[in-house]
Amino acid sequence: QLQASGGGLVQAGGSLRLSCTTSESISKRLHMGWYRQAPGKQRELVVTVTALGSTNYAGSVKGRFTISREDAKNTVYLQMNSLKPEDTAVYYCNKVPRGLKDSWGQGTQVTVSS
């Protein structure tokens, strides 16, 4: 089970920190990522952190978002700075790649006002 939290309403230019806790151990063996789904759009992967800590960011968030992981707590974080209205979406975390049996769990709504 995946539980994301930390979303909210923020003005453009503001910051939020998301957390995602999983009931499954992620310690040193799972690549994890943050996905988001904006209204009327498909869900997209925006950032990945590998089991060894390497990161990869979509161009739209590079330089503004930072992913990190705390394996001892089975938790993945997403620090989001300089938020833009186009970052408005429901954010989810999950494995990367996500298997068909990997459910999405509860996401967290991020709304950025202009």
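In the context of the full set of protein chains, residues of segment 2-80 present 53 Å² of accessible surface per residue (probe radius 1.4 Å, heavy atoms only).
How many percent of all Cα-Cα pairs in segment 21-75 sit more than 16 Å apart?
On the way: 673 of 1485 pairs.
Tail fraction, whole percent: 45.
Two decimals is fine: what is log10 I(q)/I(0) at q = 0.11, 0.12, 0.15 Å⁻¹ for the chain, from a Debye sum with one equal scatterer on every Cα and no solvent? Each listed q maps to, in turn, -0.31, -0.36, -0.58. Shown for the chain: lysine pairs separated by 8 or more places, or found on different chains, whose C-alpha atoms are under 21 Å apart, numbering 9. Amide H contacts of Ile26: Asn74, each under 5 Å away and 5 or more positions distant or on a separate chain (H built 1.01 Å from N in the peptide plane; Pro and chain starts excluded).
The values are calculated or read from the model by the stated rules, or taken from the named source; none is laboratory data. Quantities reported herein were computed from a predicted structural model and do not represent experimental measurements. Note: areas computed on protein heavy atoms with side chains; ligands, DNA, RNA excluded. Shrake-Rupley method; radii C 1.70, N 1.55, O 1.52, S 1.80 Å.
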